[in-house]
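Notes to accompany the following structure.
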Amino acid sequence: MKKRNAFTQYGTVARQVLDALLYKYADEGIATIESDAVLKVQPFNQLGSATELVKAFGGRPQYLGALQALERELYAPYQAAGPAV
């Protein structure tokens, strides 16, 4: 996934959660990051409790929205710079 500015709106902890979710996705797949239990295991539990991590996004609806945005970015078609040949 190409690094984009899609998540600059979030604070430091929320971005750390999103980065950790990317690594978790790479290692274990989409079902793992969609699980509510993911925030209770390493490395997330080192960043704070599941409740604290969700609050870093502003609440559960915002966390779920960020997770959906992350998934959209993961599955967005690759867009190369310049016109198609």
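The values are calculated or read from the model by the stated rules, or taken from the named source; none is laboratory data. All values derive from a computational prediction rather than experimental measurement. Note: ideal-geometry Cβ built from the backbone for every residue, glycine included; neighbour counts use all protein chains shown.
Residues in region 54-70 that are of a type in the set (Gly, Ala, Ser), out of contact with any Ser or Thr (no Cβ under 9 Å at 6 or more places or on another chain) and not in a helix (DSSP H, G or I): GLY58, GLY59.
Only one of the listed residues (LEU53, LEU74) is within 13 Å of the chain's Cα centre (by Cα) and modelled with pLDDT of 95 or more. That residue is LEU53. Could you say whether any residue in region 35-54 is among the acidic types (Asp, Glu), closer than 24 Å to TYR75 by Cβ and either touching a Leu at 6+ places or on another chain (Cβ under 8 Å) or surrounded by 12 or more Cβ atoms within 10 Å (Cβ to Cβ) (or both)? Checked against the condition, which is being among the acidic types (Asp, Glu), closer than 24 Å to TYR75 by Cβ and either touching a Leu at 6+ places or on another chain (Cβ under 8 Å) or surrounded by 12 or more Cβ atoms within 10 Å (Cβ to Cβ) (or both), region 35-54 yields no hits at all.
List pairs: first residue in region 31-43 and under 15 Å from GLN68 (Cβ atoms), second residue among the aromatic types (Phe, Trp, Tyr) anywhere in the structure, Cβ distance under 6 angstrom, at least six positions apart or on different chains. Listed pairs, sorted by first residue: ILE33/TYR25. All told, LEU21 falls short of being touching a residue at least 60 places away in the same chain (Cβ under 8 Å) and in a helix (DSSP H, G or I).
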